[in-house]
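Take a look at the structure set out below.
The values are calculated or read from the model by the stated rules, or taken from the named source; none is laboratory data. Model, not experiment: these values are computed from the prediction. Please note: Cβ atoms are built from the backbone with ideal geometry, for glycine as well, and neighbour counts cover all protein chains shown. For the accessible areas, the whole protein counts, side chains as well, though only heavy atoms, and no ligand, DNA or RNA atoms are used. Shrake-Rupley method; radii C 1.70, N 1.55, O 1.52, S 1.80 Å.
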Amino acid sequence: MLANYGYQDGSGEFFITIDTGWCAACAAKGCQAACPAGVLEVGEDDYGDMAASVREEHRRKVRYSCAPCKPGYRGSRPPCQEACAAGAIRHSW
Amino acid sequence: MAEAAEKEFWRWKEYNWHNPDLDWRSAEIVAAGVDVGSVSSQAVIMADGELYAFASMRTGPDSPASAENAFNWAIAGTGLTLPDVHCTVGTGYGRVNVPFAHKTVTEIACHARGANFIYGPAVKTVLDMGGQDCKAIRCDEKGRVTSFLMNDKCAAGTGRGMEVFADLLGVSIEDAGEMSLRVDSEPEPVSSTCVVFAKTEAIGLLRAGWSRERVLAAYSSAMAHRVVALLERIGVEPEFAVTGGIAKNAGVVRRIEKELGVKAARTSYDTQIAGALGAALFARALAQKGK
């Protein structure tokens, strides 16, 4: 499942996409620990797969929660993507 | 000081229904789904996989009470009581506040499952236009979600936005859709993506002499354009279906169809109960597992 968390408003589209199929197959799930803002959490989805998701309280503000990790501020890629061995995390902006 | 009586044009009808030809007592599994949304709450009762009863009403300030009210209204006159229900699943914005639910499931999964039941297994793309959010969902032939996207940060493209316009124009919310289609030519959509500023723009258009039909058409186009952008992010695979209250607004649905170039599936079911219906189907599956 491609789970898109985030929003679209007058200022643009801000979505974090998690491929839960790839995510569930990854044992390490290093993304949760790698995120300095605590945006990601790992839990069981509606179909019983253990996969990462964006915490409820960050879904309407991912643009700001993730801003310190965006290219130009830190490395070339956000740490969640660096830590994701499965390549299951994408950011739309 | 005398107060002027004001009609609430936005106020949509609350309703309940049960199938008089079915008897829940002869059912092996009675399952319930309760969808506590930001604007409306629905409860659905299923008897052995068949839709038996439902109710749809406004969500009040107290979510647990809204869940209970919707459930109690759905079972009114059926002789059914809560202990007779084998399993209940809660969903929606207030799903954690359904006190009698055995499990909660996200509204995304429930809407896909509900749409699969309502429209059949051919439906691969579901657009739920809810009271205060909008969900674009791709699913397989079993109603299992393969991709989803939700927008609940902006009210443009939601039922609440249409309520605001119904009130502004003095048009009953049930008539707004048909009325928006009564225009000779399609006006430019209102430019704003925010309901509050779209309303400001509409007031300007009314002052400039636009008819109510034309203003509604301009807003319905803007709504359609906005949700089509969401749908395009996940891709649209036919069949395409719309659920939620706005699915009953022909003006918006026709414009979405036009912009997508895809016809929306039709149904005789109430599209507003899709989430609660999906929850009831999850509840039925849980009850079956437990047996």
Worksheet item: open to solvent by 30 Å² or more (accessible area, probe 1.4 Å) and among the acidic types (Asp, Glu): does that describe B:Asp128?
Response: no
Practice prompt. For B:Gly245, state whether it is closer than 22 Å to B:Ala274 by Cβ, in contact with a Ser or Thr (Cβ under 8 Å, 6 or more places away or on another chain), away from every other protein chain (no Cβ under 14 Å) and modelled with pLDDT of 95 or more.
Written response: no
Practice prompt. Determine, yes or no, whether A:Val39 is of a type outside the set (Lys, Arg), crowded, with 19+ Cβ neighbours inside 10 Å and within 13 Å of another protein chain (Cβ to nearest Cβ).
Written response: no
Response to the item:
Among the residues of segment A:13-22, the number that are of a type in the set (A, V, I, L, M, F, W, C), open to solvent by less than 10 Å² (accessible area, probe 1.4 Å) and more than 8 Å from chain B (Cβ to nearest Cβ) is 2
Discussion item. Looking at segment B:183-194, can you tell me whether even one residue there is within 14 Å of B:Gln132 (Cβ to Cβ), within 14 Å of chain A (Cβ to nearest Cβ) and crowded, with 22+ Cβ neighbours inside 10 Å?
Written reply: no
Discussion item. Looking at the structure I just gave you, is A:Gly10 within 14 Å of another protein chain (Cβ to nearest Cβ), among the small types (Gly, Ala, Ser), under 19 Å from B:Leu230 (Cβ atoms) and open to solvent by less than 50 Å² (accessible area, probe 1.4 Å)?
Written reply: no
Worksheet item: Considering only strands (runs of 3 or more DSSP E) fully contained in segment B:21-74, which possess at least 1 residues that are free of Cβ contacts under 8 Å to residues at least 40 places away in the same chain and in contact with a helix residue (DSSP H, G or I) (Cβ under 6 Å, 6 or more places away or on another chain)?
Response: B:40-47, B:50-58
Response to the item:
For segment B:151-164, the count of residues that are crowded, with 24+ Cβ neighbours inside 10 Å and either within 14 Å of chain A (Cβ to nearest Cβ) or of a type in the set (Phe, Trp, Tyr) (or both) equals 5
Worksheet item: So, in segment B:195-213, of the ones that are within 14 Å of another protein chain (Cβ to nearest Cβ) and within 22 Å of B:Glu259 (Cβ to Cβ), which residue ends up surrounded by the fewest Cβ atoms within 10 Å (Cβ to Cβ)?
Response: B:Phe197
Discussion item. When you check B:Leu216 against the structure, is it more than 14 Å from chain A (Cβ to nearest Cβ), closer than 25 Å to B:Ala31 by Cβ and either within 24 Å of the chain's Cα centre (by Cα) or part of a helix (DSSP H, G or I) (or both), yes or no?
Written reply: no
Discussion item. Exactly one of these conditions fails for A:Tyr47: (1) farther than 25 Å from B:Val227 by Cα; (2) away from chain B (no Cβ under 11 Å); (3) open to solvent by 20 Å² or more (accessible area, probe 1.4 Å); (4) of a type outside the set (S, T, N, Q). Give me its number.
Written reply: (2)
Worksheet item: In this structure, does B:Ala280 turn out to be open to solvent by less than 10 Å² (accessible area, probe 1.4 Å), closer than 29 Å to B:Tyr52 by Cβ, modelled with pLDDT of 95 or more and assigned by TED's automatic domain parsing to the domain that holds B:Glu186?
Response: no
Worksheet, complete the sentence: Within segment B:219-266, restricting to residues that are under 18 Å from the mean Cα position of the chain (by Cα) and part of a loop (DSSP other than H, G, I, E, B), the one that is surrounded by the most Cβ atoms within 10 Å (Cβ to Cβ) is B:Gly244
